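The values are calculated or read from the model by the stated rules, or taken from the named source; none is laboratory data. Quick caveat: nothing in here was measured; it's all calculated off a predicted structure. Glycine also receives a Cβ, built like all others from the backbone with ideal geometry; neighbour counts cover every protein chain displayed. The accessibility values were calculated without ligands, DNA or RNA, using every heavy atom of the protein model including side chains. Shrake-Rupley method; radii C 1.70, N 1.55, O 1.52, S 1.80 Å.
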Amino acid sequence: MENAGEKKLIRIIGKHDTIFIDEAQRIKDIGIISKIVHDRLKKKRLVIIGSSSLELSNEMNEPLTGRKWEHLLFPISWNELVGHAGYINARAQLDIRFIYGMYPEVIIQEDNAQNVLKSLTGSFLYKDLLRNEGIRKPELLEKLLIALALQIGSEVNFNELANLLRVDRATVERYIDLLEKTFVIFKLRPLSRNLRNELSSGRKIYFYDNGIRNALIGDFKSPELRNDMGLLWENFVICERQKLNHYRNWHGHSWFWRTYQQQEIDLIEEIDGSFFAFEAKWNEYRKVKFSRSFTDNYKPERTLVVTPGNFDDFLE
């Protein structure tokens, strides 16, 4: 399709009404080609798919402004897994999903999951990102990813990361922004409405997939042998909630909440002025009390401790 004008595109497409282009970011001038199809071949439907979201977005945004509908496809969601495998089978593999994550190829090749994840972290996280953005320091990207993987569920200090990696803060912020744009990680910001003891700065960073996180640190131990299951559960719960909210076109905001006295809540959702507070706890028998400071000031519509026993309701 490269260097294809209108006449050549007509010959290629022929009588087909729907055209699928996979790995479209690899096609030179795909944005211009798509614009020609959209503007000149009115009855044709064009579906463009790309594994490199950042590069594809860069190629498509300007030529197709006002002409496209975008759909983000995350790793398999919990509800999709239940729909595919059935509820009983999905629950039976819940522990495995904490460790190996929800990428389709990982689920399909369960016996080869570690090798698939190592391939994903090698080919995508490094090669594609470095090529797309002209970053020439793969060792820095790898060190940053490992540092972030070890800090899931904790507040991340960009200055400390910069000192650890021996680079300036701007470089750390640029790399983290790139990782967020390519849907490797996402950030939660602190909720602060001017209460004197609230933290108003800082970020918590989560991975869109537990398997990618575990591959980065080289730890695929089973749940009963791990000392980070609380963090993995928190990452899983908050990530699955992000997927759910995106797919249902939810228009609210997600935060975490913390005070200088170390009171904290993992996830706060705010929509139309109402607040909902959630704590993720792997241990179902651990008693959790939501801070009076938070409940008195924000008057949440709902509070819930999300455990392996009730998370299905949380993700309905």
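Within the same chain, lysines fewer than 8 places from K42 are excluded, and of the rest, those with a Cα less than 22 Å from its Cα are K7, K8, K15, K68.
Semi-axis lengths, largest first, of the ellipsoid equivalent to the stretch 195-316 are 25, 17, 15 Å, with √(5λ) applied to each eigenvalue of the Cα gyration tensor. For the options G122, G14, G211, a Gaussian network treatment of the chain with springs between C-alpha atoms closer than 10 Å singles out G14 as fluctuating the most.
Between the helical axis of 113-122 and the dominant principal axis of the chain, each derived from Cα atoms, what acute angle in degrees is found, rounded to the nearest 10? So the inclination is approximately 70 degrees. In this simple spin-label model, placing a label point 7 Å from the Cα along the Cα-to-Cβ direction at both S201 and K187 gives a separation of 1.3 nm.
The trypsin sites (Lys or Arg not before Pro) of the stretch 224-316 that meet both conditions, a loop assignment by DSSP and at most 14 other Cβ atoms within 10 Å of the site Cβ, are R248, R286, K287, K289.
Between H71 and F220, the modelled labels are 3.1 nm apart [label points 7 Å from Cα along Cα→Cβ].
Take the Cα of I96, step 7 Å toward its Cβ, do the same at E142, and the gap between the two points is 3.0 nm.
Provide the FRET efficiency to the nearest 0.05 for the D313-I88 pair, computing r from the beta carbons and using R0 = 30 Å.
Working from the Cβ atoms, E equals 0.95.
Out of all DSSP beta bridges with both ends in the chain, state the antiparallel percent to the nearest 5. Roughly 60 percent of the DSSP beta bridges within the chain come out antiparallel.
Here the contact order of the stretch 127-262, divided by its residue count and restricted to Cα pairs under 8 Å and six or more residues apart, works out to 27 percent. Based on alpha-carbon atoms, the Kirkwood radius and the radius of gyration of the chain give Rg/Rh equal to 1.00.
Roll a 1.4 angstrom probe over the protein heavy atoms and tell me the percent of accessible area of the stretch 226-267 that is carbon or sulfur.
On the way: 840 of 1810 Å².
Carbon and sulfur together cover 46 percent of it.
Separation of the stretch 90-104 and the stretch 186-207, taken as the distance between their Cα centroids, equals 29 angstrom.
Could you calculate the FRET efficiency of D29 with N79 from 1/(1 + (r/R0)^6), where r is the beta carbon distance between them and R0 is 35 Å, rounded to 0.05? Intermediate results must be reported in sequence, preceding the final value.
On the way: r = 38 Å, r/R0 = 1.08.
The computed FRET efficiency comes out at 0.40.
Given R0 = 41 Å, the distance between the Cβ atoms of D177 and K289 translates into a calculated FRET efficiency of 0.65.
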